[in-house]
1. Students often check this: by mean Cβ neighbours within 10 Å, which of B:30-37, A:222-229 ranks highest, and how do the rest follow?
2. Can you give the charge dipole size of chain B about its Cα centre, rounded to the nearest 20 debye, using +1 on the beta carbon of Lys and Arg and -1 on the beta carbon of Asp and Glu?
3. Partner chain Cβ atoms within 10 Å, averaged over the residues of A:219-226 - can you pull that number for me?
4. Taking the Cβ-Cβ separation of A:E83 and A:Q374 as r and a Förster radius of 41 Å, what is the calculated FRET efficiency to the nearest 0.05?
5. Measuring from label point to label point, each 7 Å out along Cα→Cβ, what is the B:E92 to A:L181 span in nm?
6. Quick one: work out the % antiparallel among DSSP beta bridges in the stretch B:16-111, nearest 5.
7. Over 23 Å between Cα atoms: which of A:K10/A:K62; A:K208/A:K250; A:K94/B:K63 fall into that group?
8. A:S88 accessible area, nearest 10 Å², 1.4 Å probe?
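The values are calculated or read from the model by the stated rules, or taken from the named source; none is laboratory data. The shown structure was predicted, so the numbers you read here are calculated from the model rather than taken from an experiment. With ideal geometry, Cβ positions are generated from the backbone for all residues, glycine too; neighbour counts draw on all protein chains shown. Calculation scope for accessible area: heavy atoms of the full protein, side chains included, ligands and nucleic acids excluded. Shrake-Rupley method; radii C 1.70, N 1.55, O 1.52, S 1.80 Å.
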Amino acid sequence: MAPALCAICKTGRALIKRPKNHTKLCKSCFINIFEDEVHHTITSSQLFYPGEKVAIGASGGKDSTVLASVLKTLNERHGYGLELVLLSIDEGIKGYRDDSLETVKKNAVEYDMPLLVVGYDELYGWTMDQVVETIGKKGNCTYCGVFRRQALDRGAKMLGIRHVVTGHNADDVAETVLMNLLRGDLSRLSRSTSIVTGDNKSEVKRSKPLKYSYEKEIVLYAHHKKLEYFSTECIYSPEAFRGSARTLIKQLERVRPSAILDIVRSGEDMARLVPGESASSCGGCKSKTETPVAAPEDDAGGCGSSNGRNPGGEMAAMDKQLRENEEAEGLEVDITKLVLESKNRQKEKQRDSATKNGGGNPKPTTRQVLGKCQRCGYMSSQDTCQACTLLEGLNKNRPQIQI
Amino acid sequence: MADSTEVPIRESETPTISITVDFYGGLDTLFGKGQHKLAIPAADKSGSPSTIGFLVTHLCETKMNDPRTDLFVLDGHIRPGILVLINEADWELEGEEAYEIQSGDNVVFVSTLHGG
Ligand SMILES: [Zn+2]
Ligand SMILES: [Zn+2]
């Protein structure tokens with residue numbers, strides 16, 4: 001087979017076939033177009049303002065490593081004027097974060113960015129190892145996921161940074177869209193498609209500049225630019241690897257690569273139909289006027305990366321629903337019991353939120369009024385946020401453990 | 001990447017071809033870190049030239065030091081979500097499983113399935 005030539009420069013040997021449109025590109029044209037498209041996403045969504053201090057949620061994994069590399073490149077090339085720092089969360093899982101933190105430290109040196117590491121112990125008073133000691137290995141992914149969802153925001157707030165960017169990619173968004181479609185949760189679906197979470201009024205705003213980037217291209221970008229990243233499964237969730245939603249996405253991609261962006265766009269279109277919700281769209285650049293706003297609670301979460309995402313957490317929840325119903329129910333009962341054992345305050349509401357932790361009952365498609373957690377001030381649709389609910393249960397159990 | 005050293009001949013007199021194989025993105029935990037220099041049979045059992053499809057099966061049978069073969073192969077094919085590069089080019093540009101392996105080829109397997 002004669003080697004194909006690059007569709008852009010017509011001279012280089014084509015090494016990449018783009019999943020979204022089958023274009024064949026050489027290495028340098030691919031790297032350029034990948035960066036240009038992220039730049040386009042950033043400018044058309046008006047993600048940043050000059051002089052803004054932005055924390056990159058850094059796990060040492062491929063997505064956040066590529067995000068850091070691309071943002072550094074674009075910040076210099078286009079004069080964004082951003083002050084970029086790497087923010088890592090240490091869940092306190094011995095032997096797990098140690099290696100990936102080493103990778104983040106190397107990235108910090110290579111990209112010349114300050115690195116800030118915040119531990120679960122500082123944020124919550126508990127390391128994941130201590131949580132597992134207390135509740136056992138079953139169900140700890142729920143804790144890890146709920147804690148992680150807030151960790152970047154809490155960490156940023158602690159450090160006085162008001163904007164966190166994460167490495168969520170198009171595959172992640174498509175996965176979340178599918179999961180919420182399967183759960184019949186249109187409200188959450190619409191929020192999960194937003195490129196920005198929170199707004200200028202919230203304490204910490206979150207955004208995902210790689211929202212339209214294929215995971216495949218992220219991995220190829222890292223490979224061809226020889227970026228060093230770390231890949232491992234969370235040691236507490238080996239099963240999370242085979243998640244049904246992720247597997248489905250990858251199988252769809254194999255048959256029809258454009259499916260991933262098509263699902264993202266479908267999610268955005270469906271979001272517009274949900275009352276009171278608006279989603280961003282850059283797929284075709286139809287609307288670029290308003291900055292979409294969404295609740296932070298609904299990012300894909302779970303184990304595997306400090307991005308608050310992974311190929312496992314949401315999938316694990318899905319699997320739980322689809323084939324491990326008993327286990328999930330057990331977990332719900334556990335949490336509910338813990339909550340009820342506490343002061344019986346706001347009993348009904350807490351039961352609701354505890355049940356939600358177990359993996360999701362279908363919710364009516366109405367706009368949730370977003371308030372703040374009465375304990376920690378984090379955005380929450382409940383009076384007490386999921387993290388505080390779980391912490392209450394944990395803290396109640398702590399004395400027994402320490403005796 | 002071409003290897004000019006003598007191709008080792010096995011006792012069975014089966015001709016072999018020398019290639020290098022790399023694993024990234026978590027697959028290194030299944031096969032071991034670093035670049036693997038391999039001499040694989042030049043033809044499969046039916047006598048057809050060895051393809052990437054053959055290599056995948058061969059790797060599973062001879063190189064995998066982990067029982068979880070489904071992390072690499074599903075239903076006899078590379079698990080969706082694992083990228084294959086032949087001499088740095090996406091295997092989709094090279095005929096995928098049907099690509100006939102040449103001496104000195106470098107094949108890279110990268111999983112995209114791990115956390116980011
Ligand atoms: Zn080119
Ligand atoms: Zn709270």
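1. Averaged packing, sorted descending, gives the order A:222-229, B:30-37.
2. Using only the charged Cβ atoms, the result is roughly 380 debye.
3. The per-residue average across the peptide is 4.
4. Numbers: r = 33 Å, r/R0 = 0.81.
Result of the calculation: an efficiency of 0.80.
5. Modelled inter-label distance: 2.0 nm.
6. 75
7. Beyond 23 Å between Cα atoms: A:K10/A:K62; A:K94/B:K63.
8. 0
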